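Input: a single structure, listed below in structure tokens.
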Amino acid sequence: MDDGAAEVFALSFYTHMLKGETFGQAVRAAHEEIWVRFPSINTWSAYQCYGDPGYVLSSDGSESGVRNAKTYHTPAELLSELSNYGEWVRMRVREKGENAEEPDKVRGGIVAKLEGVSDKARSQWLARGDVAAALGFAWGETGAWTEAVEWLEKALSARMAIAQYGRLSSGPASG
């Protein structure tokens, strides 16, 4: 790899991150800058970055609790975001100790994630067992036990309905 291109990648990436852009936007911009500034180098895409594409830094350079709202196109995207967010909350609580204020501050992040689901898809997605379970676990990480139990019960009900439907749809055994 070219040292000049590597330097440009790093400078571009961190400049975009510190401007408040998402991790994914910063990586894309850095790749694009190498592509434009070093057209004869074919390793512009060799600079790999792994992480949450929606991750942002707050304006003071610290971690931001509530990330920018995004639009989800599939339930799998929402599931991934809820899982990542739950883990992030768990680490924040662990870092801060048993500070009761910390979970309260991050509960809004769960609501923000749901705002990324279109009105058209919302009721269908929220009826899914996997989405309900992910919401239950995320609420649990924040210490919102009522919400956590409510969503986990919905997950169990959805799974029971699927299991029951599967038995009904298989029909009688032919012999």
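The values are calculated or read from the model by the stated rules, or taken from the named source; none is laboratory data. Keep in mind it's a predicted model, so treat the numbers as computed, not measured. All Cβ positions, even for glycine, are placed from backbone atoms using ideal geometry, and neighbour counts span all protein chains on display.
In this structure, does D104 turn out to be at pLDDT below 90 and surrounded by fewer than 14 Cβ atoms within 10 Å (Cβ to Cβ)? Steps first, please.
Numbers: at pLDDT below 90: yes; surrounded by fewer than 14 Cβ atoms within 10 Å (Cβ to Cβ): yes.
Considered against the rule, which asks whether it is at pLDDT below 90 and surrounded by fewer than 14 Cβ atoms within 10 Å (Cβ to Cβ), D104 comes out as yes.
Among the criteria (1) more than 22 Å from V117 (Cα to Cα); (2) at pLDDT 90 or above, the one L78 does not fulfil is (1). For the subset of the stretch 28-50 comprising residues that are assigned to a helix (DSSP H, G or I) and touching a residue at least 24 places away in the same chain (Cβ under 8 Å), which member is surrounded by the fewest Cβ atoms within 10 Å (Cβ to Cβ)? Looking at residues that are assigned to a helix (DSSP H, G or I) and touching a residue at least 24 places away in the same chain (Cβ under 8 Å), I get R37. Restricting attention to the stretch 15-24, the residues that are in contact (Cβ under 8 Å) with a residue 12 or more places away in the chain and either surrounded by fewer than 14 Cβ atoms within 10 Å (Cβ to Cβ) or among the polar types (S, T, N, Q) (or both) add up to 2. Taking every residue in the stretch 139-159 that is free of Cβ contacts under 8 Å to residues at least 40 places away in the same chain and small (G, A, S) and pairing it with any residue that is crowded, with 18+ Cβ neighbours inside 10 Å and not in a helix (DSSP H, G or I), at least 6 positions away or on another chain, the pairs with Cβ-Cβ distances below 8 Å are A158/R128.
Exactly one residue out of G20, G24, G54, G65 is modelled with pLDDT under 85 and either in a helix (DSSP H, G or I) or assigned by TED's automatic domain parsing to the domain that holds K105 (or both), and it is G24. Of the residues making up the stretch 126-158, just one is touching a Leu at 6+ places or on another chain (Cβ under 7 Å) and surrounded by fewer than 17 Cβ atoms within 10 Å (Cβ to Cβ), namely D130.
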